[in-house]
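To start, I am sharing the structure in question, which I have written as C-alpha coordinates.
The values are calculated or read from the model by the stated rules, or taken from the named source; none is laboratory data. Predicted, not measured: the structure shown is a model, and the values here were computed from it. So basically every Cβ, Gly included, is an ideal-geometry build from the backbone, and we count neighbours across all protein chains shown. What goes into the accessible areas is simple: the full protein's heavy atoms, side chains included, and nothing from ligands, DNA or RNA. Shrake-Rupley method; radii C 1.70, N 1.55, O 1.52, S 1.80 Å.
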Amino acid sequence: MAIATVTAPRSPKINYSPDRPKMADSGSGLPPFNDDESTHEGVPNIPVEIVSDEEMALIEAALAAARSSISSSSSSAINSSSSSKILFNARSIQSITLLSKRGLSAAHPDIEDLCKTASTQKRVKVNESLLHRFRRKKGFAVTDFTGTEWCEKQKVFSLHSGSREKTKAVEAGIARHAMLEAEVVKKAKVQVKSAEDRWALKLLNFTFGVNQLLFEGLTRELPVMGLIEGVWMVGVIDEVRMLETDTGRMLMLVDTKTRSRDTVPAEPQQRNGKLQLMCYKYILDSLIPDGFSSRQFFDFFSLNPYSTLSEEITESITSFGFTAKTLDDVIRYYTNCCSMLPSTHNKLLLRYESQKDQSIIVEVEFEYDHGWLKSQLETSLQVWLGQREPECTPQEERWKCRNCLFASKCPANTNVDATSKPE
(Lines give C-alpha, C1' and ligand atoms only; values in the text may rest on other atoms or scores of the structure.)
Protein backbone atom coordinates (compact mmCIF):
# COMPACT_ATOMS: atom_id res chain seq x y z
CA MET A 1 0.00 0.00 0.00
CA ALA A 2 1.47 3.38 -0.99
CA ILE A 3 0.98 6.73 0.61
CA ALA A 4 -0.64 9.75 -0.98
CA THR A 5 -2.27 13.00 0.02
CA VAL A 6 -5.53 14.35 -1.26
CA THR A 7 -6.84 17.89 -1.11
CA ALA A 8 -10.58 18.12 -1.58
CA PRO A 9 -11.59 20.10 -4.67
CA ARG A 10 -13.08 23.59 -4.42
CA SER A 11 -12.87 23.52 -0.63
CA PRO A 12 -12.53 26.72 1.46
CA LYS A 13 -9.05 28.14 1.66
CA ILE A 14 -6.80 26.79 4.41
CA ASN A 15 -6.69 29.23 7.31
CA TYR A 16 -3.51 29.98 9.20
CA SER A 17 -4.76 30.42 12.75
CA PRO A 18 -3.02 32.54 15.42
CA ASP A 19 -1.86 29.46 17.36
CA ARG A 20 -0.08 28.02 14.36
CA PRO A 21 3.72 27.81 14.91
CA LYS A 22 5.54 30.76 13.34
CA MET A 23 9.15 31.29 12.41
CA ALA A 24 11.41 33.61 14.35
CA ASP A 25 12.58 36.94 12.98
CA SER A 26 15.93 36.24 11.36
CA GLY A 27 16.59 39.65 9.87
CA SER A 28 17.35 37.75 6.70
CA GLY A 29 15.60 40.10 4.30
CA LEU A 30 13.10 37.42 3.33
CA PRO A 31 9.41 38.32 3.04
CA PRO A 32 7.16 37.65 6.05
CA PHE A 33 4.21 35.30 6.27
CA ASN A 34 0.87 37.07 6.07
CA ASP A 35 -0.89 35.61 9.10
CA ASP A 36 -3.39 38.42 9.50
CA GLU A 37 -6.71 36.84 10.48
CA SER A 38 -8.50 39.36 8.29
CA THR A 39 -7.10 37.67 5.22
CA HIS A 40 -8.62 34.29 6.07
CA GLU A 41 -12.23 33.42 6.54
CA GLY A 42 -14.11 30.39 7.73
CA VAL A 43 -12.99 27.30 9.55
CA PRO A 44 -9.79 25.60 8.35
CA ASN A 45 -10.49 22.89 5.81
CA ILE A 46 -7.38 20.75 5.80
CA PRO A 47 -6.82 18.39 2.86
CA VAL A 48 -6.74 14.62 3.24
CA GLU A 49 -3.55 12.59 2.91
CA ILE A 50 -3.54 8.89 2.06
CA VAL A 51 -1.30 6.53 4.03
CA SER A 52 -1.06 2.83 4.79
CA ASP A 53 -1.90 1.34 8.20
CA GLU A 54 1.75 0.51 8.76
CA GLU A 55 2.98 4.00 8.01
CA MET A 56 0.20 5.61 10.02
CA ALA A 57 1.40 3.56 12.98
CA LEU A 58 4.97 4.73 12.37
CA ILE A 59 3.85 8.35 12.25
CA GLU A 60 1.84 8.02 15.44
CA ALA A 61 4.76 6.33 17.19
CA ALA A 62 7.13 9.09 16.11
CA LEU A 63 4.72 11.79 17.28
CA ALA A 64 4.24 10.03 20.62
CA ALA A 65 7.98 9.75 21.11
CA ALA A 66 8.44 13.40 20.29
CA ARG A 67 5.70 14.56 22.65
CA SER A 68 7.27 12.67 25.51
CA SER A 69 10.55 14.57 25.13
CA ILE A 70 9.53 18.01 23.90
CA SER A 71 6.92 20.56 24.94
CA SER A 72 4.92 22.21 22.21
CA SER A 73 5.51 25.88 21.69
CA SER A 74 4.96 28.23 18.83
CA SER A 75 7.88 29.56 16.90
CA SER A 76 7.69 33.05 15.39
CA ALA A 77 7.34 33.77 11.68
CA ILE A 78 10.09 35.24 9.52
CA ASN A 79 9.64 39.00 9.39
CA SER A 80 11.50 41.35 7.14
CA SER A 81 11.56 44.80 5.66
CA SER A 82 11.97 43.37 2.18
CA SER A 83 9.72 44.67 -0.57
CA SER A 84 8.83 41.07 -1.38
CA LYS A 85 5.91 39.33 0.30
CA ILE A 86 4.32 35.90 0.28
CA LEU A 87 1.34 35.69 -1.98
CA PHE A 88 -1.85 34.16 -0.64
CA ASN A 89 -4.71 33.74 -3.08
CA ALA A 90 -8.30 33.39 -1.92
CA ARG A 91 -8.93 30.51 -4.28
CA SER A 92 -8.48 26.92 -3.22
CA ILE A 93 -7.20 23.95 -5.16
CA GLN A 94 -7.30 20.20 -5.39
CA SER A 95 -4.25 18.22 -4.43
CA ILE A 96 -3.01 14.67 -4.19
CA THR A 97 0.36 14.42 -2.44
CA LEU A 98 2.20 11.14 -2.13
CA LEU A 99 3.63 10.67 1.36
CA SER A 100 5.85 7.92 0.03
CA LYS A 101 7.80 10.81 -1.42
CA ARG A 102 9.27 10.86 2.09
CA GLY A 103 8.26 7.35 3.10
CA LEU A 104 8.58 7.13 6.84
CA SER A 105 9.36 3.43 6.69
CA ALA A 106 12.49 4.28 4.70
CA ALA A 107 13.04 7.90 5.68
CA HIS A 108 16.26 9.79 4.97
CA PRO A 109 17.18 11.67 8.19
CA ASP A 110 19.02 14.97 8.21
CA ILE A 111 22.75 14.33 8.02
CA GLU A 112 23.50 15.62 11.53
CA ASP A 113 20.98 13.13 12.94
CA LEU A 114 22.25 10.06 11.07
CA CYS A 115 21.45 6.91 12.96
CA LYS A 116 23.24 3.65 13.39
CA THR A 117 22.55 0.78 11.04
CA ALA A 118 22.99 -2.93 10.68
CA SER A 119 26.42 -3.93 9.45
CA THR A 120 25.98 -7.09 7.37
CA GLN A 121 28.13 -6.71 4.28
CA LYS A 122 26.93 -8.07 0.92
CA ARG A 123 29.06 -9.04 -2.04
CA VAL A 124 28.97 -6.52 -4.88
CA LYS A 125 28.69 -7.79 -8.43
CA VAL A 126 31.75 -7.14 -10.54
CA ASN A 127 31.51 -3.96 -12.68
CA GLU A 128 28.06 -3.07 -11.32
CA SER A 129 27.85 0.56 -10.23
CA LEU A 130 26.22 1.62 -6.97
CA LEU A 131 23.73 3.67 -8.96
CA HIS A 132 22.60 0.68 -11.03
CA ARG A 133 22.53 -1.76 -8.14
CA PHE A 134 20.78 0.37 -5.52
CA ARG A 135 18.91 3.09 -7.41
CA ARG A 136 17.90 1.52 -10.73
CA LYS A 137 14.18 1.58 -9.90
CA LYS A 138 14.09 4.51 -7.48
CA GLY A 139 16.30 7.19 -8.97
CA PHE A 140 19.24 8.96 -7.35
CA ALA A 141 17.92 10.71 -4.24
CA VAL A 142 19.09 14.16 -3.21
CA THR A 143 19.85 12.59 0.18
CA ASP A 144 22.07 10.04 -1.59
CA PHE A 145 24.08 12.98 -2.87
CA THR A 146 24.28 14.77 0.46
CA GLY A 147 25.06 11.52 2.28
CA THR A 148 27.98 10.94 -0.08
CA GLU A 149 29.21 14.50 0.44
CA TRP A 150 29.05 13.97 4.20
CA CYS A 151 31.23 10.85 4.01
CA GLU A 152 31.72 8.67 0.96
CA LYS A 153 32.86 5.65 2.96
CA GLN A 154 29.94 5.85 5.36
CA LYS A 155 27.46 6.07 2.49
CA VAL A 156 28.85 3.00 0.75
CA PHE A 157 28.95 1.05 4.01
CA SER A 158 25.32 1.95 4.68
CA LEU A 159 24.19 0.90 1.19
CA HIS A 160 25.59 -2.58 1.69
CA SER A 161 24.44 -2.95 5.29
CA GLY A 162 20.72 -2.50 4.69
CA SER A 163 18.07 -0.88 6.89
CA ARG A 164 18.72 1.66 9.59
CA GLU A 165 17.59 1.70 13.21
CA LYS A 166 16.01 5.06 14.06
CA THR A 167 17.47 7.01 16.97
CA LYS A 168 15.44 9.32 19.21
CA ALA A 169 16.86 12.29 17.32
CA VAL A 170 15.71 10.87 14.00
CA GLU A 171 12.28 10.00 15.40
CA ALA A 172 11.90 13.57 16.67
CA GLY A 173 12.89 14.93 13.26
CA ILE A 174 10.35 12.73 11.50
CA ALA A 175 7.66 13.76 13.97
CA ARG A 176 8.38 17.46 13.46
CA HIS A 177 8.14 17.16 9.68
CA ALA A 178 4.88 15.24 10.11
CA MET A 179 3.53 18.08 12.26
CA LEU A 180 4.48 20.69 9.66
CA GLU A 181 2.91 18.66 6.87
CA ALA A 182 -0.23 18.06 8.92
CA GLU A 183 -0.87 21.81 8.87
CA VAL A 184 -1.75 21.56 5.18
CA VAL A 185 -2.85 17.94 4.62
CA LYS A 186 -4.51 15.01 6.39
CA LYS A 187 -3.91 11.31 5.79
CA ALA A 188 -6.01 8.61 4.11
CA LYS A 189 -5.25 5.41 2.17
CA VAL A 190 -4.91 4.31 -1.45
CA GLN A 191 -3.69 0.99 -2.84
CA VAL A 192 -0.86 0.81 -5.37
CA LYS A 193 -0.64 -2.25 -7.63
CA SER A 194 2.16 -1.42 -10.06
CA ALA A 195 5.23 0.72 -10.66
CA GLU A 196 3.09 2.83 -12.99
CA ASP A 197 0.63 3.45 -10.13
CA ARG A 198 3.42 4.50 -7.83
CA TRP A 199 4.99 6.95 -10.25
CA ALA A 200 1.59 8.31 -11.27
CA LEU A 201 0.87 9.23 -7.66
CA LYS A 202 4.24 10.93 -7.27
CA LEU A 203 3.66 12.98 -10.42
CA LEU A 204 0.15 13.89 -9.31
CA ASN A 205 1.48 14.90 -5.91
CA PHE A 206 3.81 17.36 -7.60
CA THR A 207 1.05 18.62 -9.87
CA PHE A 208 -1.42 19.32 -7.10
CA GLY A 209 1.28 20.58 -4.77
CA VAL A 210 2.15 23.19 -7.38
CA ASN A 211 -1.54 24.08 -7.71
CA GLN A 212 -1.64 24.65 -3.97
CA LEU A 213 1.47 26.80 -4.27
CA LEU A 214 0.04 28.89 -7.11
CA PHE A 215 -3.33 29.49 -5.47
CA GLU A 216 -2.47 29.58 -1.76
CA GLY A 217 1.13 30.74 -1.75
CA LEU A 218 2.57 27.79 0.18
CA THR A 219 3.08 24.05 -0.13
CA ARG A 220 5.07 21.52 1.89
CA GLU A 221 6.66 18.14 1.22
CA LEU A 222 6.71 18.74 -2.54
CA PRO A 223 8.12 15.72 -4.46
CA VAL A 224 10.42 16.64 -7.32
CA MET A 225 12.39 14.73 -9.93
CA GLY A 226 14.38 15.57 -13.00
CA LEU A 227 17.25 14.57 -15.25
CA ILE A 228 20.33 16.15 -13.66
CA GLU A 229 23.88 15.63 -14.91
CA GLY A 230 22.61 12.65 -16.91
CA VAL A 231 21.06 11.00 -13.86
CA TRP A 232 17.43 10.86 -12.73
CA MET A 233 17.30 12.62 -9.36
CA VAL A 234 14.41 12.57 -6.90
CA GLY A 235 13.72 14.41 -3.69
CA VAL A 236 11.18 16.10 -1.43
CA ILE A 237 11.32 19.82 -0.71
CA ASP A 238 10.33 20.70 2.85
CA GLU A 239 8.63 23.95 1.92
CA VAL A 240 8.10 26.16 -1.12
CA ARG A 241 6.64 29.65 -0.88
CA MET A 242 5.31 31.93 -3.57
CA LEU A 243 6.85 35.37 -3.32
CA GLU A 244 5.68 38.62 -4.87
CA THR A 245 8.74 40.65 -5.85
CA ASP A 246 9.22 43.90 -7.76
CA THR A 247 9.78 41.83 -10.89
CA GLY A 248 6.92 39.38 -10.39
CA ARG A 249 6.36 36.01 -8.77
CA MET A 250 9.25 33.82 -7.64
CA LEU A 251 9.58 30.56 -5.72
CA MET A 252 11.37 30.52 -2.37
CA LEU A 253 12.79 27.19 -1.15
CA VAL A 254 13.05 26.50 2.58
CA ASP A 255 14.41 23.50 4.48
CA THR A 256 13.76 22.89 8.18
CA LYS A 257 16.17 20.74 10.16
CA THR A 258 15.82 19.72 13.79
CA ARG A 259 18.67 19.39 16.28
CA SER A 260 18.85 17.55 19.58
CA ARG A 261 21.40 20.08 20.85
CA ASP A 262 20.59 23.80 20.91
CA THR A 263 23.86 24.73 19.21
CA VAL A 264 24.62 26.33 15.87
CA PRO A 265 25.50 23.58 13.35
CA ALA A 266 29.14 23.19 12.38
CA GLU A 267 30.27 24.39 8.95
CA PRO A 268 30.21 20.88 7.40
CA GLN A 269 26.62 20.44 8.58
CA GLN A 270 25.56 23.78 7.14
CA ARG A 271 27.46 23.05 3.94
CA ASN A 272 25.60 19.77 3.56
CA GLY A 273 22.24 21.43 4.13
CA LYS A 274 23.06 24.14 1.59
CA LEU A 275 23.92 21.57 -1.05
CA GLN A 276 20.60 19.83 -0.40
CA LEU A 277 18.57 22.99 -0.99
CA MET A 278 20.68 23.94 -4.01
CA CYS A 279 20.02 20.53 -5.51
CA TYR A 280 16.26 21.00 -5.12
CA LYS A 281 16.51 24.34 -6.89
CA TYR A 282 18.58 22.77 -9.68
CA ILE A 283 15.87 20.14 -10.24
CA LEU A 284 13.07 22.71 -10.30
CA ASP A 285 15.05 25.00 -12.60
CA SER A 286 15.55 22.11 -15.03
CA LEU A 287 11.78 21.56 -15.24
CA ILE A 288 10.71 25.17 -15.71
CA PRO A 289 12.38 26.07 -19.06
CA ASP A 290 12.87 22.65 -20.62
CA GLY A 291 9.91 20.67 -19.33
CA PHE A 292 10.02 16.96 -18.61
CA SER A 293 11.75 14.28 -20.71
CA SER A 294 8.91 11.76 -20.62
CA ARG A 295 10.40 9.31 -23.13
CA GLN A 296 13.69 9.10 -21.22
CA PHE A 297 11.72 8.75 -18.00
CA PHE A 298 9.69 5.79 -19.32
CA ASP A 299 12.78 4.12 -20.75
CA PHE A 300 14.99 4.51 -17.68
CA PHE A 301 12.44 3.18 -15.19
CA SER A 302 11.06 0.55 -17.63
CA LEU A 303 7.52 1.92 -17.43
CA ASN A 304 4.58 1.34 -19.77
CA PRO A 305 3.00 4.79 -20.35
CA TYR A 306 -0.23 3.20 -21.61
CA SER A 307 -0.67 0.75 -18.74
CA THR A 308 -4.06 1.29 -17.10
CA LEU A 309 -3.81 2.66 -13.58
CA SER A 310 -5.57 0.84 -10.75
CA GLU A 311 -9.29 1.44 -10.38
CA GLU A 312 -8.87 2.97 -6.93
CA ILE A 313 -6.40 5.54 -8.23
CA THR A 314 -8.43 6.48 -11.31
CA GLU A 315 -11.56 6.87 -9.18
CA SER A 316 -9.68 9.14 -6.79
CA ILE A 317 -8.38 11.26 -9.67
CA THR A 318 -11.87 11.54 -11.18
CA SER A 319 -13.35 12.62 -7.85
CA PHE A 320 -11.08 15.66 -7.95
CA GLY A 321 -12.23 16.76 -11.38
CA PHE A 322 -9.48 15.18 -13.49
CA THR A 323 -9.50 12.47 -16.11
CA ALA A 324 -6.47 10.19 -16.18
CA LYS A 325 -6.49 6.47 -16.85
CA THR A 326 -2.84 5.88 -17.77
CA LEU A 327 0.57 7.12 -16.69
CA ASP A 328 0.81 8.98 -20.01
CA ASP A 329 -2.36 10.90 -19.10
CA VAL A 330 -0.80 11.90 -15.79
CA ILE A 331 2.41 13.00 -17.53
CA ARG A 332 0.39 15.48 -19.59
CA TYR A 333 -0.93 17.16 -16.45
CA TYR A 334 2.57 17.10 -15.00
CA THR A 335 4.31 18.73 -17.97
CA ASN A 336 1.61 21.38 -18.23
CA CYS A 337 2.06 22.11 -14.53
CA CYS A 338 5.82 22.51 -14.99
CA SER A 339 5.20 25.13 -17.67
CA MET A 340 3.21 27.26 -15.20
CA LEU A 341 5.97 27.48 -12.59
CA PRO A 342 7.69 30.84 -12.12
CA SER A 343 11.45 31.07 -11.64
CA THR A 344 13.08 30.11 -8.35
CA HIS A 345 14.73 32.73 -6.16
CA ASN A 346 18.52 32.61 -5.89
CA LYS A 347 18.29 33.10 -2.13
CA LEU A 348 17.60 29.93 -0.14
CA LEU A 349 16.81 29.47 3.54
CA LEU A 350 17.94 26.83 6.04
CA ARG A 351 16.09 26.78 9.38
CA TYR A 352 17.48 24.90 12.38
CA GLU A 353 14.95 24.13 15.14
CA SER A 354 15.42 22.77 18.64
CA GLN A 355 13.81 19.38 19.12
CA LYS A 356 12.97 20.38 22.68
CA ASP A 357 10.49 23.16 21.91
CA GLN A 358 10.73 23.93 18.16
CA SER A 359 12.40 27.26 18.91
CA ILE A 360 14.69 28.64 16.23
CA ILE A 361 18.38 27.98 16.83
CA VAL A 362 19.59 29.78 13.72
CA GLU A 363 18.40 30.65 10.23
CA VAL A 364 20.91 30.64 7.41
CA GLU A 365 20.13 32.57 4.25
CA PHE A 366 22.53 31.99 1.36
CA GLU A 367 22.94 32.40 -2.39
CA TYR A 368 22.65 29.62 -4.93
CA ASP A 369 26.06 28.69 -6.39
CA HIS A 370 25.52 26.65 -9.54
CA GLY A 371 29.20 26.07 -10.31
CA TRP A 372 29.97 24.76 -6.83
CA LEU A 373 26.90 22.51 -6.85
CA LYS A 374 27.79 20.99 -10.23
CA SER A 375 31.33 20.33 -9.03
CA GLN A 376 30.09 18.60 -5.88
CA LEU A 377 27.57 16.54 -7.86
CA GLU A 378 30.22 15.40 -10.30
CA THR A 379 32.49 14.37 -7.43
CA SER A 380 29.70 12.38 -5.80
CA LEU A 381 28.58 10.71 -9.02
CA GLN A 382 32.11 9.47 -9.67
CA VAL A 383 31.60 7.14 -6.69
CA TRP A 384 28.05 6.17 -7.64
CA LEU A 385 29.00 5.42 -11.25
CA GLY A 386 32.01 3.33 -10.23
CA GLN A 387 34.56 5.74 -11.70
CA ARG A 388 36.60 5.83 -8.48
CA GLU A 389 36.71 4.32 -5.00
CA PRO A 390 34.98 6.11 -2.11
CA GLU A 391 37.23 8.18 0.12
CA CYS A 392 37.19 8.72 3.87
CA THR A 393 36.08 12.00 5.37
CA PRO A 394 38.88 14.63 5.57
CA GLN A 395 41.11 14.60 8.62
CA GLU A 396 39.73 17.91 9.92
CA GLU A 397 36.19 16.46 9.89
CA ARG A 398 36.93 13.13 11.56
CA TRP A 399 34.72 14.18 14.48
CA LYS A 400 31.90 12.79 12.33
CA CYS A 401 33.27 9.31 13.02
CA ARG A 402 32.08 9.34 16.64
CA ASN A 403 28.48 8.87 15.51
CA CYS A 404 29.27 6.43 12.71
CA LEU A 405 28.48 2.74 13.13
CA PHE A 406 31.19 1.83 10.65
CA ALA A 407 34.04 3.75 12.30
CA SER A 408 35.64 0.59 13.73
CA LYS A 409 35.96 -1.02 10.29
CA CYS A 410 36.89 2.17 8.43
CA PRO A 411 40.58 2.35 7.48
CA ALA A 412 40.68 6.05 8.36
CA ASN A 413 40.13 5.49 12.07
CA THR A 414 42.54 3.77 14.39
CA ASN A 415 41.34 5.64 17.49
CA VAL A 416 37.81 6.96 17.07
CA ASP A 417 37.57 8.22 20.66
CA ALA A 418 40.47 10.56 20.01
CA THR A 419 38.60 12.47 17.32
CA SER A 420 37.35 15.86 18.40
CA LYS A 421 33.97 17.44 17.79
CA PRO A 422 33.56 20.87 16.22
CA GLU A 423 33.06 23.79 18.54
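With N set to the number of residues, divide the alpha-carbon radius of gyration of region 330-388 by 2.2 N^0.38 Å and report two decimals.
Ratio of Rg to 2.2 N^0.38 Å for region 330-388: 1.73.
Which one of 275, 334, 294 is farthest out on the positive end of the charge dipole of region 247-344, using unit charges on Cβ (Lys, Arg +1; Asp, Glu -1) and the Cα centre as origin?
275
Residue by residue through region 403-411, what is 3J(HN,Hα) from phi via Karplus (6.51 cos²θ - 1.76 cosθ + 1.60, θ = phi - 60°)? Round to whole Hz and write x for glycine and proline.
9, 9, 5, 9, 4, 5, 9, 7, x
Between residue 193 and residue 396, take the C-beta separation as r, use R0 = 45 Å, and let me know the FRET efficiency to the nearest 0.05.
Rounded to the nearest 0.05, the efficiency is 0.35.
On a 1.4 Å probe surface of the protein chains, which of 345, 132, 370 comes out largest in accessible area, and what is the full order?
Values: 345 45, 132 100, 370 75 Å².
The most accessible residue leads, giving 132, 370, 345.
Order the peptides 279-286, 298-305, 151-158 from the highest to the lowest mean number of other Cβ atoms within 10 Å of their residues.
Per-residue Cβ counts within 10 Å, averaged per peptide and sorted highest first, yield 151-158, 279-286, 298-305.
Can you work out ³J(HN,Hα) from phi for every residue in region 268-281, in order, using Karplus 6.51 cos²θ - 1.76 cosθ + 1.60 and θ = phi - 60°, giving whole Hz and x for Gly and Pro?
Taking θ as phi minus 60°, the curve returns x, 6, 5, 4, 5, x, 5, 4, 4, 5, 4, 5, 4, 5 Hz for region 268-281.
How much accessible surface does residue 199 have with a 1.4 Å probe, in Å² rounded to 10?
Accessible surface of residue 199 is approximately 10 Å².
Are any of the pairs 281/374; 274/356; 189/257; 137/281; 347/374; 281/325 more than 20 Å apart by Cα-Cα distance, and if so, which? List each step's numbers first, then the result.
Details: 281/374 12 Å; 274/356 24 Å; 189/257 28 Å; 137/281 23 Å; 347/374 17 Å; 281/325 31 Å.
Going by Cα-Cα distance, 274/356; 189/257; 137/281; 281/325 fall outside the 20 Å limit.
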